[in-house]
1. What number goes with the only condition from (1) closer than 22 Å to B:GLU80 by Cβ; (2) within 11 Å of chain B (Cβ to nearest Cβ); (3) free of Cβ contacts under 8 Å to residues at least 40 places away in the same chain that A:GLU100 does not pass?
2. Considering only segment A:185-202, state which residues are modelled with pLDDT of 90 or more and either more than 8 Å from the chain's Cα centre (by Cα) or of a type outside the set (A, V, I, L, M) (or both).
3. How about segment A:110-129: which of its residues are under 25 Å from the mean Cα position of the chain (by Cα) and either within 14 Å of another protein chain (Cβ to nearest Cβ) or not in a helix (DSSP H, G or I) (or both)?
4. Could you list, in sequence order, the residues of segment A:57-73 that are among the aliphatic types (A, V, I, L, M) and farther than 13 Å from A:VAL4 by Cα?
5. Which of the residues spanning segment A:72-94 are more than 7 Å from chain B (Cβ to nearest Cβ) and in a helix (DSSP H, G or I)?
6. Within segment A:38-62, take every residue that is in a strand (DSSP E or B) and either within 9 Å of chain B (Cβ to nearest Cβ) or in contact with a Ser or Thr (Cβ under 8 Å, 6 or more places away or on another chain) (or both) and give me the one that is nearest to A:CYS197 (Cα to Cα).
7. Do you know which of the residues in segment A:208-228 that are crowded, with 23+ Cβ neighbours inside 10 Å and not small (Gly, Ala, Ser) is modelled with the lowest pLDDT?
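The values are calculated or read from the model by the stated rules, or taken from the named source; none is laboratory data. A quick note: this is a predicted structure, and the numbers were derived from the prediction, not measured. When we count neighbours, we look across all protein chains shown, and the Cβ atoms used for this are built from the backbone with ideal geometry, even at glycine.
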Amino acid sequence: MAVVEARGLACTYRVGRRGQPVHAVRGIDLDIGSGEIVGFLGPNGAGKTSTLRMLTTLLRPTAGTARVAGTDLLGDPAAVRRRIGYVPQGGSTDGGCTVEEELRFQAAAYRMDRVRTRTRIEAVCEQLDLLDLTHRRAGSLSGGQRRRLDIALGLLHEPAVLFLDEPTTGLDPHSRANLWDHIRRLRAESGTAVLLCTHYLDEADALADRILVMSEGRLIAEDTAENLKTRIAGDIVTLELDDAESAVPLLKALPLVREAAALGQETLRLTVNHGGQGLAEVVAALAGRTIHSLQLVPATLEEAFLALTNQDA
Amino acid sequence: MLRDTAAVFTRQLRLSLRSPFWILFGLFQPVVFLAFYGPLMTRALADLPARQAWQLFVPGVLVQLSLFGSVFVGFAVIAEWRAGVVERMRVTPVSRLALLLGRVLRDVLVVLVQAALLLAVAVPFGLRAGVGGILLALAFVGLMALSLTALSYGLGLALRSEDAMAPVLNTALMPLLLLSGVFLPMTLAPAWLRDLSLANPFRYVVEAIRSAFAGDLGSTAVLRGGAVLVLLAVLCVGYGARTFRQQS
């Protein structure tokens, strides 16, 4: 069952009264299944934040429709708000409030009764390692702790879908790894769907079941990280052998080899699908020749992303 | 709506009480005014009996307190917006009007406490007014704070920049203050200046409080001041609520 189902969602605005219209989002279709973690990638200005703001009722779409958490986004934004969680980019807490005060306010904002307030605050504090910090002011927390509080606030009312906007920006590697664990556990424990907006491709690769790439207001790719990497980037094999040039036609004929080129008399560079398998195929085809060295560099999401978004630039 | 307002109010009040010094700081200016300018002004109005001079002067200081205690609150909401707090609240089902009213009521309470303290200080200086007059004056001060803080929050959220907010406020404050008859009654002004001051809503508030202090609780001045303030409150709260509701 889909928790987000957007069709032709668009947002156009004008800068100034007579300014040229800016098409921030040009009609996108977007689906998120329940319990799914979807990575949302795109260069700055691609329209990610506008999309997120539309889906969280902060920005009114100028065209299109969407059902979010089972409710019509345009028809009943108030009902949508009850069922979604949003963790804005760059924080959401007042440095003067304690962790507990922020959580209690959030509970009141969702109109929880006394019992539910207590049990839910305990649950999210446990889930996000905040139990020892409840009496600390948000302003005195470390970057990672404060981010965990932001996420706890977004999860307090057990939303069907959580919108995370660049959750690990500015965190040290330790806090990032820690937060990743928390996001993974989220799905395992509560089945909350997550739309994860990020600039860190390793983050999307590590966490997301599926990846959406946005560029210039459009969705330009939608697939698993694995497929994007194989389809768009491919694994790179570098070989050293005598008379490299003569091996090129032979290797190009192999089903898993996408590209082959000699980089000199003794060096070959190949782009292959399914690295390990492709490599085995290459080695088998070169039986009888002496291979001096062999190197396999697996495709990264980064290469796939750059290849995708450069086509548009 | 009421529960939402109470939740926002409690949160904001707790934040204010965490630094109570600022509430006292807000009082400093009006008390200095009372102590250093009051004796001068009452002397200048020597042909009035001293009692009457204080009854003319204190309402002006009250309006000044209410004005300065209110219009700068928009800076705080810019900081909250920057911290992401406003966005976070706007994604919850909390009533948008409550987001404004909870904040505004906290500010009204702070201004009322300051006004009560100011009145307590003014009595030994020579202010004489009945209980009814005092209560009515506090009601006017409260309504004025309600309007101006709502307006200031609206401006803060619309401008989202301290650099834009400061000149706007400073430009508006000076003429509003000078033309309200805070320092001297506008009846002493030349005709053109007096006519100009008729466009200033706070002039009517000063006059209403003066009339209330004189014991004239049902006077035209009081009714007119009340009507002006109610109208102002409706306009300002409407504007402020719209900025909290806006999807942009």
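1. (2)
2. Hits for segment A:185-202 are A:THR192, A:ALA193, A:VAL194, A:CYS197, A:THR198.
3. If the condition is that a residue be under 25 Å from the mean Cα position of the chain (by Cα) and either within 14 Å of another protein chain (Cβ to nearest Cβ) or not in a helix (DSSP H, G or I) (or both), then A:LEU128, A:ASP129 are the ones that fit.
4. Result: A:LEU58, A:LEU59, A:ALA63.
5. A:PRO77, A:ALA79, A:VAL80, A:ARG83
6. A:PHE40
7. A:LEU228
Residues checked against (1) more than 10 Å from chain A (Cβ to nearest Cβ); (2) within 20 Å of the chain's Cα centre (by Cα):
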| position | (1), (2) |
| --- | --- |
| B:THR5 | yes, no |
| B:VAL8 | no, no |
| B:LEU15 | no, no |
| B:TRP22 | yes, yes |
| B:GLN29 | yes, yes |
| B:LEU34 | yes, yes |
| B:PRO39 | yes, no |
| B:THR42 | yes, no |
| B:LEU45 | yes, no |
